[in-house]
Amino acid sequence: MAKKTNIIEDHSTEEKIKQAARKIFTQKGYAAARTRDIAEEAGINLALLNYYFRSKEKLFDMVMGEQMQQFIRGMRGVFHNEDKTLIQKVTEMADNYIELLKANPDLPIFVLSEIRANPEKFAAKMNVKSVIANSHFMKQIAEETKGKLHPIHFLMNIMGLVVFPFIASPLLKTIGNLKHSEFNNLMEERKKMIPIWIKAMLKAK
């Protein structure tokens, strides 16, 4: 009986660490976050954190990987929905992805590093073929463009429009002399503009 209680306590501690890590990584970014900060936020000592997660990198990978998996699972319904138009799906994608990246600004860097390190493993782990490649969404792209535009071009455009501003945010903030809140306001505007740009691209074809 005591053994069962310990397992529950261990699971609770691990979840507490993950929640604290999400908060610290979001507030400070990966580079500035310290494992000591995470331990303090979780209300545990540093030795216990190191027992569960050997390094900040492993903790970051686990937290961000889980976040990405949850998000992709949540988007499955959008990609496979046969009742919504292509532009309605683009609107929902832009809105959901921008909200995710505002809450997790380091996520694009994590995804890029994972893709560069092992693209096959990342694709399998995130189940992207089932969620995206074989989806009704991709069929709609082919139908809308009548075969004149490869669906991957369409996907690259959406990803670039959503993700690139977050990757380049330090530079963009410097160029535009933007505060973090002002940058986020621009991204809110972008939710409305991306579907308009995509619709114009489709008409051009």
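For the chain, what does the relative contact order come out to in percent, with C-alpha contacts under 8 Å and a separation of six or more?
On the way: 133 pairs, mean separation 45.7, N = 205.
This gives 22 percent for the chain.
Show that you can apply the helix-only estimate: for the chain, add -39,500 (n - 2.57) for every DSSP H stretch of four or more residues, divide by all residues, and state [θ] at 222 nm to the nearest 500. If you can, show how the numbers build up before the last one.
Details: 11 runs with 168 residues, N = 205.
About -27000 deg cm²/dmol.
Among all the lysines, which ones have a C-alpha under 29 Å from residue 146's C-alpha, if same-chain residues fewer than 8 places away are not counted?
By straight Cα distance, residue 146 reaches 84, 89, 129, 191, 192, 199, 203, 205.
Mind putting a number on the dipole of the chain about its Cα centre? Charges go on the C-beta only, +1 for Lys and Arg and -1 for Asp and Glu, and I need it in Debye to the nearest 20. Could the numbers behind the result be given before it?
Values: 32 positive and 23 negative charges, 85 e Å.
Charge dipole, the chain, about its Cα centre: 400 debye, nearest 20.
So which lysines can residue 18 reach, going by Cα to Cα under 21 Å and dropping same-chain residues fewer than 8 places off?
Output for residue 18: 28, 56, 58, 102, 125.
Where in the chain are the DSSP H helices whose C-alpha atoms run 27 Å or more along the long axis and whose mean Kyte hydropathy is at least -0.5? Before the final figure, lay out each step's value.
Working: long enough: 2-32 (39 Å, -0.98); 56-80 (36 Å, -0.38); 180-204 (34 Å, -0.44).
Counting only whole DSSP H runs, the qualifying helices are 56-80, 180-204.
Enter the mean projected area of the convex hull around the alpha-carbon atoms of the chain, in nm², rounded to one decimal.
Values: hull surface 57.5 nm².
Reported value for the Cα convex hull: 14.4 nm².
Could you state the accessible area per residue of region 95-160 in Å², with a 1.4 Å probe and every protein chain left in place?
Working: 3760 Å² over 66 residues.
Counting only protein heavy atoms, the per-residue value for region 95-160 is 57 Å².
The values are calculated or read from the model by the stated rules, or taken from the named source; none is laboratory data. Predicted, not measured: the structure shown is a model, and the values here were computed from it. Neighbour counts are summed over all protein chains in view; Cβ atoms, including those assigned to glycine, are modelled from backbone coordinates with ideal geometry. Keep in mind that these areas ignore ligands, DNA and RNA; they rest on the heavy atoms of the full protein, side chains included. Shrake-Rupley method; radii C 1.70, N 1.55, O 1.52, S 1.80 Å.
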